[in-house]
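The values are calculated or read from the model by the stated rules, or taken from the named source; none is laboratory data. None of these values were measured; they are calculated from a predicted model. Cβ coordinates were reconstructed from backbone atoms using ideal geometry, including for glycine residues, and neighbour counts include every protein chain displayed. Side chains are part of the model used for accessible areas, which takes the heavy atoms of the whole protein and leaves out ligands, DNA and RNA. Shrake-Rupley method; radii C 1.70, N 1.55, O 1.52, S 1.80 Å.
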Amino acid sequence: MFKSYLTIALKHLTARKLYSAINIVGLAVGLACFILIALFVTHEWSYDRYHANADRIYRFSLDYSLAGGGDVHLAAMAAPVAPMLEQDFPEILATARISRCGTADNGATISSDDVTYYDTGQGMADNSVFQIFDFEWLHGDPATALLEPSSVVLTASTAMRYFGTTDAVGRTLDFENGAALLEVTGVIGDLPDNTHLNFNLIMTPVPFFLEQWNQTCFHTYALLADGADVGAIQARASEFFERHLPENVAAFIENASFTVQPVTDIHLRSRRQAEMSPSGSLATVYTFASIAAFILAIACINFMNLATARGAQRAKEVGVRKAVGGSRAQMIAQFLGESILITLIAVLLAVAIVELVTPAFEAFVQKDLSVANLHDPRAIAALAALTVLVGLVAGSYPAFYLSAFKPAQVLRGDITRSTRAAAFRRVLVVLQFSISIALLIGTATVFQQLRYARAIDLGYDKDQVVVMTASALQGFGTQWEALKGEWLSSPDVTSVTASMQVPATPIVGTRLLRVEGVQSELPSPYTMFVEFDFFETYGIELLAGRTFGERFGTDRLAARGDSDSELTGSFVLNELAARQLGLTPEEAVGRAVEFPMDGVSGSIVGVVADTYLESIHSALKPLVYVVPPSQTGTFATIREASIRVTSNNLPDTLTHIDDTWKRFLPDQAITRRFLDQDFQALYESEERQGQLFLYFSALAILIACLGLVGLASFAVEQRTKEIGVRKAMGGTVFDIVRLFVGEFSRLVLVANLIAWPAAYFLMQRWLENFAYRIDLSLAVFVGSALLVLVVAFLTVGTVTARAARANPVRSLRYE
Amino acid sequence: MLKLDNLNKVFRAGEVETTALNSVDLKITAGEFVAIMGPSGCGKSTLLNIIGLLDNPSSGSYRFLDEEVSAYPERKLAQLRKKNIGFIFQSFNLIDELTVFDNVELPLLYQKVSAAARRARVEAMLEKVGILSRRDHLPQQLSGGQQQRVAVARALVGEPKMILADEPTGNLDSANGDDVMNLLVALNAEGTTIVMVTHSQPHAQYAQRAVRMLDGKVLTESTTRAPLTANRA
């Protein structure tokens, strides 16, 4: 029996090459998209699940409100908390801290005997991190690696970079030009792609930091006992801080609490401030998964349509098989088997396609998807299951349709086309094109939003700005004025300034602000520490008063009287901050102002225009600009130099900039970039999403059109006599083409009725991710509909035109 | 073998009703050779389809091998069909994608006969109808007469109790037609019941009894010749 089925199946495949090719290629493309996206989705879901104790590892993240208002949700925790957690919660078996200040620059100058790097992957960690998380140990002992002070563990590629070998235990690294000498006590394999952990070099924590409540960069993890009640721990969060928070800290913050997060949830479900790695997006995962399902659905619909449209060719066989004793169940099994066979061929082709395009896809999504996984037994089993599932789903309707032929009817040659089946096929075509149109609308909307984001008036000039970053500890030291002066000595350097951060990076750091004559305090304006010429370098418009100027002598924050703890200086607000205080820019200038929690006071000297210093995902923030005291302390407040250059002699200008750096900061590695690269990176994710939408829209339309080719070809074949008669009666080629094109085009027009509401709903939700966004435009909807209509016209028109050009005599003799 | 009582068959296409069979009474005993005749559209093929369990009557009784089968579901009809009935069609109805051997083997596959037994029986049947040398040919590579012999082989290979032939000589020349009729007579002599629809008066003479139909009704029944000796193995 199987041989008979197989023989028939293979004969049908080879007898009608066009239909077989359309079926197999259409399914293969759909399956390839599905497999690629499944690899991506699997990868995203796999973050941190490889740890042996993954189901018992949790991160404790800090939540609090600022006195006066404003909530803060950090990914990290204050340093002293970890041991207190172990003390208070017996179900916590161990804790570990990793100090990394989010994805912002964690850089430090680190040198071996041979090389010096400005390394942004460094951090501190408790040794217990090696007991909680799983790492691939190449050298050293995880039990003791970070127990001794000044120890450091490197990843393999970091060891290679500094020492040219992974066998680096016992070697030393200089940290921040003699600030510390670190002994390498361990080398671990490079962290896999699918972890939120992000470091290449971790050292023993400096004890001083571990006692400081204002050190909130410590990502704190806990290993819980089996069966621990996480809810019960969470419920005691506020009470924990009531008991442990020192009074001087409690004066500044309210409602301190922690959120307990499973480590496996961090990548996709956590978007707190200062995450250790860029977060993934659950929305993106769901979007991609939906796209994969839609494209596969389109391919399956094609299969169903073509199989049922050509049903008449199998009718006689069904009649004979039933006449000689075959049951309907056996017919169904036969056709499902054929469907699975075709799907198997398509899966093999799809795997080949996937292996071909994966390098480009991985580069595109910037993930290592390890396609080699397609060869392991679990993947093969998954592919086999996919083959059977798709074969059954795609083949189900054709199997039931074809097996229903009545032998008495078909064996006497009466193969009346079922109107119900034809109607169902039309429904399937409508569904295919609904999906294609919706994808096109999504694509156009994403690109429109991107164009809007790029074209928006940022309020500052981002082009032709070179950024140089100094170390977090040393900053520019006492060399800032010398650096600035030397840079400005080049005629191609038009302006130089510095700040704590540059545009296109997230603004952190809020302080309570009190303004003379204003009843309410500004709850949480963000503070920007800047040097002189910041507004001029970036071309930020002054609305009232003046900007900072060295010649005034009082702008830079300086000690007030004999008190070292109280500072005074000048303040500049942005327009939003003034507005939130209920003041016009003119009304704000001249008012006394203070940061009451920090002992800083002064007066507002100017108000500048609002600027989109972050991406338009975030709403504009109220900003207070101050010029900090010259650096004397341990940490640099200001470490980003912004140098505006002309486009003349750019290589020479860059050399001048680098040489100046080397001359005045010889111990600090050069880290130079152009600001507009940072700006580009802000929208990289959306850029990629837009391109993916574009590719998948094109594929969806391609597959739907393949189906149209098949259906149109079959319709023409079925109506060859009709075409001959029409031509004999005087019909032109155009008349024939118009007849067929009209029938299919009506279906495409109906598809819009489904696509438009669905696309509108989904894209509105997507646009809500942006604080500043476009309105959905009717032109996009109409344009997408027209594009698909034109493609359908051309597809069906080409197929029917060929038949319509044939000699009508041949058509009439066809019968 | 079978008995039809007050059998009716009405076809409905939209609002149009066509009465194909109207109060048909018919009895056929085992070993008979019956020819059913009448003009086009009189209901002969419909009657044959119902007798062959390919279709259900709209009303009335049909007893086949002492079972009332008129309301049997498709599954049970298929079971009865494959064990007891072989079909020969005017247009042969061979499956074009299968070889001669595979076409004849088909009923035995549905009867779950072992591979070795199937091979033996198919080859014996092909030998019997004189087409063994063409076992690996496709139907489109055969003449009309050869195709009909393959169809006969397929109808017989399952050793059915009854053969239903719907205009078996309709697409054949007279020589081939006579060959097919002689085959049927030989089968009948071995004890196989044969019910044959035909337009051909000469070929109807091969049967023992002729049933004439008109407008869905049985008009007359007449004896054409005496039964041959039944020597069924």
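One residue stands out among those in the range A:313-326 that are in contact with a Pro (Cβ under 6 Å, 6 or more places away or on another chain) and in a helix (DSSP H, G or I): the one that is nearest to the other protein chains (Cβ to nearest Cβ), which is A:ALA323. Being more than 29 Å from A:HIS196 (Cβ to Cβ), open to solvent by 40 Å² or more (accessible area, probe 1.4 Å), in a helix (DSSP H, G or I) and within 14 Å of chain B (Cβ to nearest Cβ) is a property that holds for A:ALA329.
For the range B:73-111, give me the residue count where each residue is within 9 Å of chain A (Cβ to nearest Cβ), hydrophobic (A, V, I, L, M, F, W, C) and assigned to a loop (DSSP other than H, G, I, E, B). Number of matching residues: 3.
For (1) touching a Pro at 6+ places or on another chain (Cβ under 9 Å); (2) more than 30 Å from B:ASP102 (Cβ to Cβ); (3) in a helix (DSSP H, G or I), each residue gets a yes or a no:
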| site | (1), (2), (3) |
| --- | --- |
| A:ALA21 | no, no, yes |
| A:GLY26 | no, yes, yes |
| A:ALA52 | no, yes, no |
| A:GLU86 | no, yes, yes |
| A:THR95 | yes, yes, no |
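Only residues that are touching a Leu at 6+ places or on another chain (Cβ under 7 Å), open to solvent by less than 50 Å² (accessible area, probe 1.4 Å) and among the basic types (Lys, Arg) were counted across the range A:716-756, and they come to 0. Within the range B:37-64, the set of residues being hydroxyl-bearing (Ser, Thr, Tyr), farther than 10 Å from B:LEU21 by Cβ and part of a helix (DSSP H, G or I) comprises B:SER45 only. Taking every residue in the range A:9-33 that is within 14 Å of chain B (Cβ to nearest Cβ) and pairing it with any residue that is surrounded by 15 or more Cβ atoms within 10 Å (Cβ to Cβ) and outside any helix (DSSP H, G or I), at least 6 positions away or on another chain, the pairs with Cβ-Cβ distances below 6 Å are A:LYS11/B:GLU97. Could you tell me whether the range B:7-17 includes any residue that is assigned to a loop (DSSP other than H, G, I, E, B), within 14 Å of chain A (Cβ to nearest Cβ) and not aliphatic (A, V, I, L, M)? Taking every residue of the range B:7-17 in turn, at least one turns out to be assigned to a loop (DSSP other than H, G, I, E, B), within 14 Å of chain A (Cβ to nearest Cβ) and not aliphatic (A, V, I, L, M).
So which residues in the range A:768-778 are open to solvent by 70 Å² or more (accessible area, probe 1.4 Å) and either part of a loop (DSSP other than H, G, I, E, B) or closer than 14 Å to A:PHE447 by Cα (or both), if there are any at all? Passing the criteria: A:GLU768, A:ASN769, A:ARG773, A:ASP775. State whether one or more residues within the range B:112-122 are open to solvent by less than 30 Å² (accessible area, probe 1.4 Å), more than 8 Å from chain A (Cβ to nearest Cβ) and touching a Leu at 6+ places or on another chain (Cβ under 9 Å). Within the range B:112-122 (the criterion being open to solvent by less than 30 Å² (accessible area, probe 1.4 Å), more than 8 Å from chain A (Cβ to nearest Cβ) and touching a Leu at 6+ places or on another chain (Cβ under 9 Å)), the answer is yes, since at least one residue qualifies. Annotation note: of A:THR120, A:THR144, the sole residue that is without any contact (Cβ under 8 Å) to a residue 60 or more places away in the chain, open to solvent by 20 Å² or more (accessible area, probe 1.4 Å) and within 30 Å of A:MET500 (Cα to Cα) is A:THR120. Annotation: A:ARG672 fulfils all but one of (1) in contact with a Leu (Cβ under 8 Å, 6 or more places away or on another chain); (2) within 26 Å of A:TRP766 (Cβ to Cβ); (3) of a type in the set (Lys, Arg); the unmet one is (2).
Of the residues contained in the range A:294-307, none is found to be within 14 Å of chain B (Cβ to nearest Cβ), at pLDDT 85 or above and either at negative phi or in contact with a strand residue (DSSP E or B) (Cβ under 8 Å, 6 or more places away or on another chain) (or both).
So that you can scan it fast, the table gives a plain yes or no per residue for (1) among the β-branched types (Val, Ile, Thr); (2) buried (at least 20 other Cβ atoms within 10 Å of the Cβ); (3) touching a residue at least 12 places away in the same chain (Cβ under 8 Å):
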| residue | (1), (2), (3) |
| --- | --- |
| A:THR527 | yes, yes, yes |
| A:GLU531 | no, yes, yes |
| A:GLU541 | no, no, yes |
| A:ARG556 | no, no, yes |
| A:LEU581 | no, yes, yes |
| A:GLY590 | no, no, yes |
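Can B:SER91 be described as at pLDDT below 85 and hydroxyl-bearing (Ser, Thr, Tyr)? In short, yes.
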